[in-house]
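Chemist: Starting off with a structure, shown below.
Readers should treat all values here as calculations from the given coordinates under stated rules, not as data from a laboratory. This one's a predicted model, so the numbers in the text were calculated from it and none came from an experiment. Backbone-built Cβ (ideal geometry, glycine too); neighbour counts: all protein chains shown.
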């Protein structure tokens, strides 16, 4: 889901051409946006701000991705959280905690829990390409905003798809950037919304460098993701996505 | 004078009167016992279930019930617990930290509810301490010990003395990580608890979950559920003053409340039909006797008695019958109930089977003013209302026709 590639731009295996927008076909628009957002591989530095009514925390994260399924996320600051890491291989997720010096595999029942206290869940990390594979897409509106064409696409779960949302509505700009994404619950009430607050250039591509996730039932609560630095289509060594590298980083 | 007449009339046919009395007495005695028994069983069921973990009531941080996050915290919980213990009807109050974490042992990991408890007061509220199967319960001197349910222990593949790794989110969003040593394994008999709950020392839970000087809930207990229920208004006032909320047993165990309500509703149907049947039997008997006595009533009318006086006399006979019968029934039924209340009734059913429903194998009826008087009261009322039928019939009598027996 969107939340995931906010943090971890996972690569899409089917690398469709990231050419200019021509025919407004919903599947193609979404695919191009994904391809822009994720590449074959990526290394990004992200600042995550978690805002709560009573406190706010700012975490620094370094993330590596390879292909569609593999991701490693390592927290670098603050000191209390530095060293904690999450590794995703296929559908399995492990966490490493430096205090315990242990790797723990997450049970399936925990995947819907908050990831590091943020408004993202482990599922957001683990099921990143659900939106393409588990939903059907339909272009419902085309608007002009600030010199860009913005497409609104409604994604409805395929029958029997193992997803939690009733539907997802996405706004995508003609330069293949996600502008807004609203998740509706099974009662078709908007449950949470991610907005691109700032779109800039990152390693030569238009990119939502600042995004905020708002749970809509908690007014004074949000998580903001700012991507400070990113490299795409770089080669990440294979050992990176292993349990031993999760516990004992080689780099 | 009418009452004396009615009384004398009753004993003109002693056999019929005694039989009527007997049926009223048996039914009202039965009602007293059944109602007391039902109250007693449900009371025990509630207490047994609540004693496992919930406590008879809880003080909670506002909103914790709907959204049980660490952020919903009670500050200075020890002080509030101390105040709650001062409320008459409440004898023990135990603050708890309720965290959520992954427990892991090697490659095995399971989600669990991690509860920080004060061992001494917790043992007086929750029966988990007394269902330890292996090892021991927590003690005040424990620092890194934990107890967990047998199903959770089995899932994790950990035994007494083994180590469990815990990883969750602390109150401030940071990582809550700890390693605990298993001191004991409990078997509460409730799979949801045995599979999910780990208890650890309160202070360490506060430390691990960044809950300094805070707790999420305070579990309360007392000599009985009703004593805590009676203390609820005072607890409400205390809660309002300190900005927390009170949850009573019905709020904590809504499913149990619904089941009990449903059972009461269905048994009420049964009681009502019992009362109706007996009332009709008695009325039938009386109507017969009124018909038999038509000539006698004609004579009384001819002597100058007004129809309403005769009607009242008949109605008084009926009421006397009902009241005396019920009094006997309440006395005998209440006596038997009181006796069984002290000895208990042992059911020859597998105790394990009963335990699934939170029912012990020895059951105690519970006699109360309500259970003693509700059934018989309803019976008297039904007979008194039904007695209007013969009363109205007598009103229609005229001396000449009645004397001819028409």
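Chemist: What list do you get for A:140, B:383, B:345 if you sort them by fewest beta carbons within 10 Å?
Modeler: Going from least to most buried by this count: A:140, B:345, B:383.
Chemist: Which whole-number percent of Cα pairs in chain B have a distance greater than 42 Å?
Modeler: 38 percent
Chemist: Can you pull the percent of Cα pairs in the stretch A:125-185 with separation above 20 Å?
Modeler: 27 percent
Chemist: With a 10 Å cut-off between alpha carbons and a GNM built on chain B, which of B:294, B:143, B:208 moves the most?
Modeler: For chain B, modelled as a Gaussian network with Cα springs under 10 Å, the answer is B:294.
Chemist: Could you tell me the relative contact order of the stretch B:57-251? Use alpha-carbon pairs under 8 Å, at least six residues apart, and round to a whole percent.
Modeler: Result for the stretch B:57-251 is 34 percent.
Chemist: Hey, another quick one. Does anyone have the angle between helix B:254-292 and the longest principal axis of chain B? Alpha-carbon axes, 0 to 90°, nearest 10?
Modeler: It is inclined by approximately 10 degrees.
Chemist: Residue B:66 to residue A:158: FRET efficiency via 1/(1 + (r/R0)^6), r the Cβ-Cβ distance, R0 22 Å, to the nearest 0.05?
Modeler: 0.10
Chemist: Distance between the C-alpha centers of the stretch A:68-123 and the stretch A:142-162? Whole Å please.
Modeler: If you average the Cα positions of each part, the centres end up 30 Å apart.
Chemist: Taking the Cα atoms of the stretch B:57-251, report the difference between the largest and smallest coordinate on each principal axis, in whole Å and largest first.
Modeler: Principal extents (Cα only, largest first): 49, 35, 30 Å.
Chemist: Still on this structure: Return A:198, A:88 ranked ascending by Cβ neighbour count within 10 Å, so the fewest neighbours appear first.
Modeler: A:198, A:88
Chemist: Rounded to the nearest 0.05, what FRET efficiency is calculated for residue B:370 and residue A:101 with R0 set to 41 Å and r the Cβ-Cβ distance?
Modeler: 0.05
Chemist: Please state the relative contact order of chain B as a whole percent: Cα pairs under 8 Å, 6+ residues apart?
Modeler: 27 percent.
Chemist: Express the relative contact order of the stretch A:2-246 as a whole percentage, based on alpha carbon pairs under 8 Å and six or more residues apart in sequence.
Modeler: For the stretch A:2-246, the relative contact order is 21 percent.
Chemist: Separate question: Anyone know which of A:203, A:33, A:82 comes out most mobile in the 10 Å Cα GNM of chain A?
Modeler: A:203
Chemist: Which whole-number value in Å³ per residue fits the convex hull of the alpha carbons of the stretch A:2-246?
Modeler: It is 128 Å³ per residue.
Chemist: Looking only at the protein assembly as shown, where both bridge partners belong to it, what percent of the DSSP beta bridges are antiparallel (to the nearest 5)?
Modeler: Just about 95 percent of them are antiparallel.
Chemist: Right, something else. Quick check on the exposure proxy: order A:151, A:94 from fewest to most C-beta atoms within 10 angstrom.
Modeler: Ranking A:151, A:94 by Cβ neighbours within 10 Å, fewest first, gives A:94, A:151.
Chemist: Tilt of helix B:14-52 relative to the longest C-alpha principal axis of chain B, in degrees (0 to 90, nearest 10)?
Modeler: The two axes meet at around 10 degrees.
Chemist: Something else now. As an exercise, use a Förster radius of 25 Å and the Cβ-Cβ distance of residue A:91 and residue A:244 to find the FRET efficiency, rounded to the nearest 0.05.
Modeler: In this case the efficiency is close to 0.80.
Chemist: Let me ask something additional. State, to one decimal in nm, how far the label point of residue B:295 lies from the label point of residue B:281, with both points 7 Å from Cα in the Cβ direction.
Modeler: That separation, rounded to one decimal, is 3.0 nm.
Chemist: Over the Cα atoms, compute the radius of gyration (one decimal) and Dmax (the largest Cα-Cα distance, rounded to a whole number) for the protein assembly as shown, in Å.
Modeler: 36.7, 122
Chemist: Quick check on the stretch B:150-268: take the gyration tensor over C-alpha atoms, sort the square-rooted eigenvalues as a ≥ b ≥ c, and tell me if it's rounded (a/c under 1.5), prolate or oblate.
Modeler: Oblate.
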